[in-house]
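The values are calculated or read from the model by the stated rules, or taken from the named source; none is laboratory data. These numbers come from a predicted model, not from an experiment. Every residue, glycine as well, gets a Cβ built from its backbone with ideal geometry; the counts of neighbours run over all protein chains shown. Note: areas computed on protein heavy atoms with side chains; ligands, DNA, RNA excluded. Shrake-Rupley method; radii C 1.70, N 1.55, O 1.52, S 1.80 Å.
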Amino acid sequence: MIKITLKGDVVKEYDNGTSIAQVAQSLGQGLFKAACCGKVDGKVQDLRFELNADCALEICTFDDDNGRRAFRHTASHMLAQAVKRLFPNAKLAIGPSIENGFYYDFDVEKPFTNDELAKIEAEMTKISKEELKIEHFTLPVDEAKKLMASEPYKLELIDEHAASGEAISFYKQGDFTDLCAGPHLLDTGKIKAFKLTSATGAYWRGDEKNKMLCRVYGTAFPKAAELAEYLEKLEEAKKRDHNLIGRQLKYFTTSDVIGQGLPLLMPKGAKLFQILNRYVEDKEAEHGYVMTKTPFMAKSDLYKISGHWDHYRDGMFILGDESKDKEVYALRPMTCPFQYTIYNTELHSYKDLPIRFGETSTLFRNESSGEMHGLIRVRQFTISEGHLVVTPEQLESEFDGVVNLIKEMMGELGLLDDLTYRFSKWDPDDKEKYVGTAEIWENCQNTMRHILDDLGLEYTEAVGEAAFYGPKLDIQIKNVHGKEDTLITVQIDPFLAENFDMVFVDKDNAKKRPYIIHRTSIGCYERTIALLLEKYAGALPLWLAPVQAIVMPISDRQQEYAQNLVKKLRQNGMRVELDDRNEKIGYKIREGQLEKVPYMLVLGDREMENGEIAVRSRSEGDKGAMKIDDFIAMAAEEVRTKAK
RNA sequence: GCUACUGUGGCUCAAUGGCAGAGCAGUUCACUCGUAAUGAACAGGUUGUCGGUUCGAUUCCGACCAGUAGCUCCA
């Protein structure tokens, strides 16, 4: 007998060799039906796993992340089985579960059409109804290869696994067998509520040098209602897409003849940009930043010193032609070397440091044509850029200061809770991308990890995501499609100070290398505006709203009163417009609501007589009449508290 | 850059190998109106661009441009 510690520290005895599924069954039929996998002493295991020693066991259902993954991974096998039945020549690549579903990659002559996707989905329904038992088995490498002889991608995977010395693991359901480490459900009947959402291209092993396969995405839930709710939520999310809202509400537009990745900010977008920009520059000044204003282009010489010419040339817009003996310039893809040049105009004492340079900096990057996306990924953008030149002793406190400033600002924008943190490290095997020696990288990364841990940040680590010149703290955010992007980045640069021969004179009168922190405070204005529009579905908080209120006289009689009101509100710093069109009040209000204007100020004879305004809030509706000064005070307080 | 889809007045969408249509927005006129659309009239398009097939192309084919999702790359 073995002792198994279950949820709530309940200990029960079982026969040696009892499977996780059997334990679940002994605890109740409901749990058995819902069980997707188990966790034995913290390690995820298949339901078929036999327990042979005392252990702690957790039964994972769909509510658990591991359970959900097993559930959807089983769905991905059903997808592959359906494809194999309908398209026997399709070659199988891989098919994992992902955050909100699963996918499977196939090598097929022609990518699947929507009609074919529907047929595959119908076949999956059949497979579900067949309630095929899913069996697990292992084979030695040579037999495994025999079994998968017609699957070149599987053979490649087997060869890789072979190095570990372990037997090769398979799962079989009816007429379909797949190379797979599991875990999986016990039969295909559990997966009833699923949907194939799209078919796209994806490179084998995520490498663009490899063949592009056909990837089918799908999702699955235990109940049809949950699936419907999820799909509904996806549709709802799409309505918040900044690319839709931003164009509808006239924040930005694009033009075929201007070019890809070159959005035009319209009056509302430009106003929002200005609000954010003033906020950033004022806030940074408070925090001891000094502003620079540097050229949008420079000779290639500059980028040769910084290393960008070698590492980043394809990403730059280059002007001039070297072969014609003309000077070659490039639009700047970053601000670093410009601010370094300012630093180097004089010899600095340790007493001068830290120096915190900030610049509202417009950058140009020649992104590949397939990368552009609304305001999130563009070819020209403006970033709240900055570089801190610090002594080694100041590195930690200055880094902390940067992160705290970011958090304060993200809090005021209302985005703080949507952020995740990523520690982006170099890839020692990628000699092409990264400069410098392993020793410097490891040192710098250890310093950074130490700082992040002291800050108490919860972060993930990502190999190969560092800049070519140093490790990064990337602050990530997801768009309405669930796609993650970097909103903000803070980098420690141990190399470029060397390239630019930057020094400071320390207490001992010796010239030493400073550290440089590259950082942004709210990121690129375009991208941040996009995420704000999505966060608020266009209904920006009062302090950010390009138009904060619209004054709406009911008839011509209130014309003069309305104009005076607009004047007074503007004198009090409010962004106000007058809607004196000859339209009914209901019509004006409808438009104001659709434009997501925070306040609509209705003026009729009653208000005019009493020196009041009837205030309508976009979210709370008619708030009744109030004195003008009371409204000004109320709005001022709302602006002051920002998004908190 | 790769895979797929899409492109019709300012916007949302309809239609067809044979004269391109609706709603909203716009303009004009009337109405001076109390919290999500007053009525009428008018105007607005070389169907993304350039080629090809065809008696005839907006529709079919090709290239390019742009947009969308995914991959790769990246702030």
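Over region A:24-157, with a single point scatterer placed on each C-alpha, what log10 of the ratio I(q)/I(0) does the Debye formula yield at q = 0.10, 0.22 1/Å?
At q = 0.10, 0.22 Å⁻¹ the computed log10 ratios are -0.42, -1.38.
Divide, for region A:331-477, the radius of gyration over alpha carbons by 2.2 N^0.38 Å, where N is the residue count. Display every interim value, and only then the final one.
Values: Rg = 16.6 Å, N = 147, 2.2 N^0.38 = 14.7 Å.
Dividing the Cα radius of gyration by 2.2 N^0.38 Å gives 1.13.
Please list, or write none, the aspartates and glutamates whose alpha carbon is within less than 13 Å of the alpha carbon of A:Lys39, excluding same-chain residues fewer than 8 places away.
A:Glu50, A:Glu58, A:Asp64, A:Asp65
Just name one of A:Thr345, A:Tyr279, A:Ile245: the one whose Cα is farthest towards the positive end of the charge dipole of region A:217-353 (beta-carbon charges, Lys/Arg +1, Asp/Glu -1).
Highest projection toward the positive end goes to A:Ile245.
Run the reach check for A:Lys145 against lysines, Cα to Cα strictly under 23 Å, same-chain hits fewer than 8 apart removed. What comes back?
A:Lys84, A:Lys91, A:Lys154, A:Lys172, A:Lys211
Quote the relative contact order of chain A in percent (integer), defining contacts as alpha-carbon pairs under 8 Å separated by 6+ residues. The partial results should precede the final answer.
Values: 1167 pairs, mean separation 58.7, N = 644.
Here the relative contact order equals 9 percent.
Just to verify a number: FRET efficiency for A:Asn582 and A:Glu560, C-beta to C-beta distance, R0 = 25 Å, to 0.05?
Working: r = 16 Å, r/R0 = 0.64.
So the FRET efficiency works out to roughly 0.95.
With the other protein chains left in place, how much accessible area per residue, in square angstrom, belongs to chain A at a 1.4 angstrom probe?
Values: 31330 Å² over 644 residues.
Here the residues of chain A average 49 Å² of exposed surface.
Where in region A:263-299 does the amide nitrogen come within less than 13 Å of the point 7 Å from the Cα of A:Lys250, taken along Cα to Cβ?
A:266-271
Only bridges whose two residues both fall in region A:392-514 count here: according to DSSP, what percent of them are antiparallel, nearest 5?
On the way: 15 of 20 bridges.
The antiparallel proportion sits near 75 percent.
What is the sum of charges, Lys and Arg at +1 and Asp and Glu at -1, for the other residues whose Cβ falls under 15 Å from the Cβ of A:Asp207? Could the numbers behind the result be given before it?
Values: positive: A:Arg205, A:Lys209, A:Lys211, A:Arg215, A:Lys433; negative: A:Asp105, A:Asp107, A:Glu156, A:Glu160, A:Glu208, A:Asp427, A:Asp429, A:Asp430, A:Glu432.
Charge balance near A:Asp207 sits at -4.
Among the trypsin sites (Lys or Arg not before Pro) in region A:284-353, which ones are in a DSSP loop with at most 13 other Cβ atoms within 10 Å of the Cβ? Mind listing them? Present the calculation step by step, with values, prior to reporting the outcome.
Details: sites: A:Lys293, A:Lys299, A:Lys304, A:Arg313, A:Lys324, A:Lys326, A:Lys351; in loops: A:Lys293, A:Lys326.
Listed in order of number, the matching sites are A:Lys293, A:Lys326.
About the Cα centre, and with charges only on the beta carbon of Lys, Arg (+1) and Asp, Glu (-1), how big is the dipole of region A:179-255? Nearest 20 debye, please. Each step should come with its number before you reach the end.
Values: 14 positive and 9 negative charges, 40 e Å.
For this selection, approximately 200 debye.
What does the charge dipole of chain A about its Cα centre add up to, to the nearest 20 debye, if the Cβ of each Lys and Arg holds +1 and the Cβ of each Asp and Glu holds -1?
Working: 86 positive and 105 negative charges, 343 e Å.
Result for chain A is approximately 1640 debye, rounded to the nearest 20.
In chain A, with Lys and Arg counted as +1 and Asp and Glu as -1 at Cβ, which of these residues, A:Leu569, A:Ala330, A:Ile258, has the Cα nearest the positive end of the dipole, that is, farthest along it?
A:Leu569
Which of the trypsin sites (Lys or Arg not before Pro) found in region A:356-433 are loop residues per DSSP with 14 or fewer other Cβ atoms within 10 Å of their Cβ?
Values: sites: A:Arg356, A:Arg365, A:Arg377, A:Arg379, A:Lys407, A:Arg422, A:Lys425, A:Lys431, A:Lys433; in loops: A:Arg365, A:Arg379, A:Lys431, A:Lys433.
Here the trypsin sites (Lys or Arg not before Pro) that fit, given the DSSP loop and packing criteria, are A:Lys431, A:Lys433.
Give the residue from A:Leu27, A:Ile589, A:Gln548 lying farthest towards the positive end of the charge dipole for chain A; charges sit on Cβ (+1 for Lys and Arg, -1 for Asp and Glu) and the dipole is referred to the Cα centre.
About the Cα centre, the residue reaching furthest to the positive side is A:Ile589.
Just to be sure I follow: if Rg is taken over the C-alpha atoms of chain A and Rh is the Kirkwood radius over the same atoms, what is Rg/Rh? Walk me through the intermediate numbers first.
Details: Rg = 30.3 Å, Rh = 29.2 Å.
Reported Rg/Rh, Kirkwood definition of Rh: 1.04.
Could you work out the local net charge near A:Ile451, counting Lys and Arg as +1, Asp and Glu as -1, over the other residues with Cβ closer than 11 Å to its Cβ? Write down the numbers at each step before the final one.
On the way: positive: A:Arg449; negative: A:Glu396, A:Glu398, A:Asp400, A:Asp453, A:Asp454.
Neighbour charge sum, excluding A:Ile451 itself: -4.
Below 8 Å, C-alpha to C-alpha, sequence gap of six or more: please give me the relative contact order for region A:192-336 in percent.
Details: 130 pairs, mean separation 17.5, N = 145.
Once normalised by length, the contact order is 12 percent.
Is there a pair in A:Lys43/A:Lys129; A:Lys588/A:Lys623; A:Lys250/A:Lys596; A:Lys407/A:Lys512; A:Lys407/A:Lys642 whose C-alpha atoms are over 20 Å apart, and which pairs would that be? Spell out each step's value before the answer.
Values: A:Lys43/A:Lys129 32 Å; A:Lys588/A:Lys623 17 Å; A:Lys250/A:Lys596 12 Å; A:Lys407/A:Lys512 32 Å; A:Lys407/A:Lys642 14 Å.
Those over the limit are A:Lys43/A:Lys129; A:Lys407/A:Lys512.
Which of the GluC sites (Glu not before Pro) found in region A:143-178 are in a DSSP loop and have at most 12 neighbouring Cβ atoms, other than their own, within 10 Å? All intermediate terms of the calculation are to be shown ahead of the outcome.
Working: sites: A:Glu143, A:Glu156, A:Glu160, A:Glu166; in loops: A:Glu166.
When the GluC sites (Glu not before Pro) of region A:143-178 are filtered for loop state and at most 12 Cβ neighbours within 10 Å, A:Glu166 remain.
Do you know the relative contact order of region A:1-50, to the nearest whole percent, from alpha carbon pairs under 8 angstrom that are 6+ apart?
Values: 52 pairs, mean separation 14.7, N = 50.
Relative contact order for region A:1-50 comes out at 29 percent.
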